[in-house]
Amino acid sequence: MRTAIIGAGNMGGSIARGLAKGSIIPASDIIVSNPSQGKLDELQAEFPALQITHDIIGAEFIILAVKPWLIKGVLRELKLKSKQIIISVAAGINFEELAHYVPEPEMTMFRIIPNTAISEMESM
């Protein structure tokens, strides 16, 4: 289950840490992308198996952990395939709005509302 996390800030970084510590998705199957290299370097220092790249090819799940006002631009840059599953952390962006920026409006989409405790595998 290759999983791409777009955004390595507080939330995206916490999700990456929690997934990497878990047993469901191997850290080597987690791809993290972020505009600033510093946050990526921090994550990779903690979890060397994480893939740090701007290429999400092959990812089945795409977790959007960016600020809501960046969603449109991020989705336009990604070359999503209709079989990929979108998981949004962005508050205030509804599914109808997300559907405008993806290749297939009927793509599978989920919204999650974790907190940073996810980094310790303690989030609800």
Going residue by residue through the range 68-81, the Karplus relation 6.51 cos²θ - 1.76 cosθ + 1.60 with θ = phi - 60° gives ³J(HN,Hα) values, rounded to whole Hz and with x marking Gly or Pro, of x, 6, 9, 4, 4, x, 5, 5, 5, 6, 6, 9, 6, 9
Across the chain, qualifying lysine pairs (alpha carbons under 25 Å, at least 8 places apart or different chains) come out at 10
In order over the range 106-119: 3J(HN,Hα) from phi, Karplus 6.51/-1.76/1.60, θ = phi - 60°, whole Hz, x for each Gly or Pro, gives 9, 4, 6, 9, 10, 10, 10, 10, x, 10, 5, 5, 4, 5
Measuring from the longest principal axis of the C-alpha atoms of the chain, the long axis of helix 37-46 (C-alpha) lies at a number of degrees, nearest 10, equal to 50 degrees
For the pair Lys83 and Phe95, the simple spin-label estimate (label points 7 Å beyond Cα toward Cβ) gives in nm 2.2 nm
For the chain the mean separation of alpha carbon contacts under 8 Å (6+ apart) over residue count, i.e. relative contact order in percent, is 29 percent
So the angle from the long Cα axis of helix 10-21 to the longest Cα principal axis of the chain, reported in degrees to the nearest 10, equals 60 degrees
For semi-axes √(5λ) of the Cα gyration tensor in Å the list reads [x] 26, 17, 12; [y] 29, 23, 12; [z] 22, 15, 14; the calculated value is entry [z]
Amide H contacts under 5 Å for Ile87, restricted to residues at least 5 apart in sequence or on another chain and with H modeled in the peptide plane, are Ile62, Ile63, Leu64, Phe110
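Where a number appears in this text, it was derived from the coordinates with a stated rule and is not lab data. Just so it is clear, the model here is predicted, and its values are computed rather than measured. All Cβ positions, even for glycine, are placed from backbone atoms using ideal geometry, and neighbour counts span all protein chains on display.
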